[in-house]
Amino acid sequence: MPPLLLASASPRRLALLRQIGVVPALVLPAELDETPLAGEIPRLLARRLAAAKAQAVAATHPDHLVLAADTVVGLGRRILPKAETGAEVAACLELLSGRRHRVLTGLCLIHGASGRQALRVVQTAVQFKRLSAAEIAGYVAAGEGIGKAGGYAIQGRADQFVSQLQGSYSNVVGLPLQDTAGLLAGFGYSLWAQPVI
């Protein structure tokens, strides 16, 4: 079994993997331009970036099993940004208030030496309640939305905004665990053979 490499800088993804008993031998994020292409829709962006991240890291670590993921928040065909400022967090929450949106995570698993690759996109539908100006301002002040796709982290205070969720909760956090476990198993990686954490 080749050693597993997580091609992500996200501490949430690492924690989620550990939740199912998977501890990567190496964590090495791929440095890519994540700007959407002209006319690109959320599903295609998540798929393209996950594949590009995995391929970039697999090229330099062909003997590893490389797992990469990219999470995108979509409102219709619109791609919400990874919020970098409080103003962007507020703008995202104003758009999401009272509306249903999609969280899409592209997953890619590659073993460079054999050339084997698996790629899929997992979708979760999330409905937000209507948010008050005070709730938006409070969430911005809490600082949780900075660096998060769509300007919120469901595993934190934003969970109180969710009125309905259809699909994988862990997908909204950043890594759909059922699908990830399935991909790993398909490559012969035994989750149950790993030491208990």
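The values are calculated or read from the model by the stated rules, or taken from the named source; none is laboratory data. This is a predicted model, so every value here is computed, not measured. Glycine also receives a Cβ, built like all others from the backbone with ideal geometry; neighbour counts cover every protein chain displayed. Heads up: the accessible areas ignore ligands, DNA and RNA and are worked out on the full protein's heavy atoms, side chains in. Shrake-Rupley method; radii C 1.70, N 1.55, O 1.52, S 1.80 Å.
May I ask you to list the residues in the range 147-165 that are exposed (fewer than 15 other Cβ atoms within 10 Å of the Cβ) and of a type in the set (Phe, Trp, Tyr)?
Result: no residue meets the conditions.
Go over the candidates ALA38, ALA15, ALA46 one by one and state the one that is farther than 15 Å from LYS82 by Cβ and not in a loop (DSSP other than H, G, I, E, B). Outline the logic, then answer.
Working: ALA38 fails: not in a loop (DSSP other than H, G, I, E, B); ALA46 fails: farther than 15 Å from LYS82 by Cβ.
Step by step, each of ALA38, ALA15, ALA46 is checked, and only ALA15 is farther than 15 Å from LYS82 by Cβ and not in a loop (DSSP other than H, G, I, E, B).
Do any residues in the range 51-77 that are acidic (Asp, Glu) have Cβ atoms under 8 Å from those of residues that are open to solvent by 10 Å² or more (accessible area, probe 1.4 Å) and assigned to a loop (DSSP other than H, G, I, E, B), where the two are at least six apart or on different chains, and which pairs are they?
Partner pairs satisfying both residue conditions: ASP63/PRO2; ASP63/PRO3; ASP63/GLY112; ASP63/ALA113; ASP70/GLU34.
On the given criteria, is THR85 of a type in the set (Val, Ile, Thr) and open to solvent by 60 Å² or more (accessible area, probe 1.4 Å)?
Answer is yes for this residue.
Looking at this structure, is VAL172 of a type in the set (Val, Ile, Thr) and open to solvent by less than 30 Å² (accessible area, probe 1.4 Å)?
yes
I'd like the residue in the range 1-20 that is under 17 Å from ASP70 (Cα atoms) and of a type in the set (D, E, K, R) and, out of all such residues, is most open to solvent (accessible area, probe 1.4 Å).
ARG12
Return the total of residues in the range 69-102 being in contact with a Gly (Cβ under 8 Å, 6 or more places away or on another chain) and assigned to a strand (DSSP E or B).
Total meeting the criteria: 9.
Determine which member of the set ALA69, ALA54, ALA90, ALA58 is under 21 Å from VAL22 (Cβ atoms) and in contact with a helix residue (DSSP H, G or I) (Cβ under 8 Å, 6 or more places away or on another chain). Break it down into steps so the answer makes sense when it comes.
On the way: ALA54 fails: in contact with a helix residue (DSSP H, G or I) (Cβ under 8 Å, 6 or more places away or on another chain); ALA90 fails: under 21 Å from VAL22 (Cβ atoms); ALA58 fails: in contact with a helix residue (DSSP H, G or I) (Cβ under 8 Å, 6 or more places away or on another chain).
ALA69 is the lone residue from the list that is under 21 Å from VAL22 (Cβ atoms) and in contact with a helix residue (DSSP H, G or I) (Cβ under 8 Å, 6 or more places away or on another chain).
Do you know which of the residues in the range 136-146 that are of a type in the set (Gly, Ala, Ser) and open to solvent by 30 Å² or more (accessible area, probe 1.4 Å) is nearest to THR71 (Cα to Cα)?
By that ranking, first place goes to GLY143.
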